[in-house]
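First comes the structure, then the notes that go with it.
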Amino acid sequence: MNTPLASKQDPASGPERTQWIQLAVICTANFVVWSGFGAILPYLPVFLQEQAHASVWLIGVVASAYFVGTFAFSAPLGRLSDSVGRKPMIVAGVSFFAVATVLFVSTTHPAWFILFRLLEGIGAAAVTPAGQALVAELTCEGERSRAYGWLTTSQFGGLVAGPVFAWALYGLGGGHGKWAFYSVFLFGSALSALTAIALMILVREPEHARRRRAVKVKHPPYRTLITRPVLAFLVIAASGNFALGVFEVLWSLWLRHLGASVRFVGLTWIAFSVPMLLAWVGGYLADRYSRWALMFSGYTVAGFAWITYGVTRNLVLFLIVNVIEGLAVAWSYPAKQAFFVQVVPERWLGSVQGLEQTCLQAAALIGTLIAPLLYGVLSGYVISLAGAISLFGLVFAAPTLRAEHKRQRARADEQAAVTVHVSSGR
């Protein structure tokens, strides 16, 4: 395994320079879409409970439907993006998300929301693997963490802006009742629709990626693509995203149980998201220092944050830990994304990104289904359990990825030495 599949360079691979203008378009689009997403997510469980009179179990089923869509479609749609290109998948996915979200205002019957969230999940499955692969194709290796850092900053900038907009919209909708919630849902759908139009007009896929797709080759078996390092990333994805499924069902309900207002629930999202605006700093650090160290330190802090959420009843402490967790993700996520790209074959970025999303969403789906059952027995300790599971995943994957990081650094040093030798020979 001295020369894994991921290190075999495609003859048409890699831009000579990072295409920052295109990345700016993508980051702006992500800011807009995540603003709509951030406006909706804190309010949907409360809407289902207070307006649709759904049980906690049914809210869990609604949340799980989103993950069913992403779980079932991420791998095939990511693979499809390797053939047809990233732009068509991204535009189609954002459009699909817009349509699914506007359906939220068509009924208060909770069963319909299972279908609506399923459709949103399919839209996300089209966007995420293709979008992550497109960022990799627009960047050169030495600036890739930076690009993912700016992407993350734009996304969580939207999560900051979304709840702020939602507060105003909730008030304009009357401050209570279903139209207060409907105003938020319509806002999210409109932003997604406008973003799809902008992406269709402005996004240009890089020439080297188009040339690579023009060369028709047989797709390798997935067992070939899942090398030991890729498997380690998939384990981290699954163990960490179980917590996301628990979070979507229980976060708002747990805080409400502790006496928090609906607006305080939105404030917790802001407290987590504002530090994420520093993800661009994390990207700069990851391009200069150890991606492995930044990734694992941040993910470890986040795991302990989740344990804290389940054992505390202090609302002020919730906000403090939200901030700490946001900072941890800001310095770790860009490093993780760029490190993952390093161990993936360039020709099959969409396929492997789709596999990761499948693992992410399968684990989140399990979390959404198990959380309501355990909540009745363990109360908020379910959130602590999710944090412990994420830490176990890190312990499992750490040795493999540490060894892979050392191998990647040694290979980069060898290439740099060869370049210096050739240059001096001239």
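A few points about this structure:
- Pairing each residue of region 83-94 that is surrounded by 24 or more Cβ atoms within 10 Å (Cβ to Cβ) with any residue that is among the hydroxyl-bearing types (Ser, Thr, Tyr), provided the two are 6+ apart or on different chains, yields C-beta distances under 6 Å for Met89/Ser81; Val94/Ser192; Val94/Thr195.
- Region 192-251: number of residues that are under 30 Å from Val32 (Cα atoms) and without any contact (Cβ under 8 Å) to a residue 12 or more places away in the chain: 3
- Selection within region 360-381 - more than 13 Å from Gln132 (Cβ to Cβ), surrounded by 23 or more Cβ atoms within 10 Å (Cβ to Cβ) and not small (Gly, Ala, Ser): Gln361, Leu365, Thr368
- Consider region 284-300 and keep the residues that are of a type in the set (Phe, Trp, Tyr) and assigned to a helix (DSSP H, G or I). The one that is surrounded by the fewest Cβ atoms within 10 Å (Cβ to Cβ) is Tyr284.
- Which listed residue, of Ala12, Ala24, Ala29, Ala39, is at pLDDT below 75 and either assigned to a helix (DSSP H, G or I) or within 18 Å of the chain's Cα centre (by Cα) (or both): Ala39
- Some residue of region 301-323 being in contact with a Leu (Cβ under 6 Å, 6 or more places away or on another chain) and surrounded by 18 or more Cβ atoms within 10 Å (Cβ to Cβ): yes
- Sole residue being assigned to a helix (DSSP H, G or I), surrounded by 21 or more Cβ atoms within 10 Å (Cβ to Cβ), modelled with pLDDT under 85 and not small (Gly, Ala, Ser), chosen from Phe242, Phe185, Phe233: Phe185
- Number of the condition not met by Leu327 [criteria: (1) out of contact with any Pro (no Cβ under 7 Å at 6 or more places or on another chain); (2) assigned to a helix (DSSP H, G or I)]: (1)
- Pairs linking a residue in region 271-283 that is touching a residue at least 12 places away in the same chain (Cβ under 8 Å) and crowded, with 21+ Cβ neighbours inside 10 Å to a residue that is part of a helix (DSSP H, G or I) and of a type in the set (Asp, Glu), with Cβ atoms under 9 Å and 6 or more positions apart or on different chains, are Phe272/Glu325; Gly283/Glu143.
- Test for Leu58: is it under 25 Å from Leu255 (Cβ atoms) and surrounded by fewer than 24 Cβ atoms within 10 Å (Cβ to Cβ): yes
- Residue check, Phe396 surrounded by fewer than 18 Cβ atoms within 10 Å (Cβ to Cβ), aromatic (Phe, Trp, Tyr) and in a helix (DSSP H, G or I): yes
The values are calculated or read from the model by the stated rules, or taken from the named source; none is laboratory data. Everything quoted here is computed from the prediction, not taken from an experiment. All Cβ positions, even for glycine, are placed from backbone atoms using ideal geometry, and neighbour counts span all protein chains on display.
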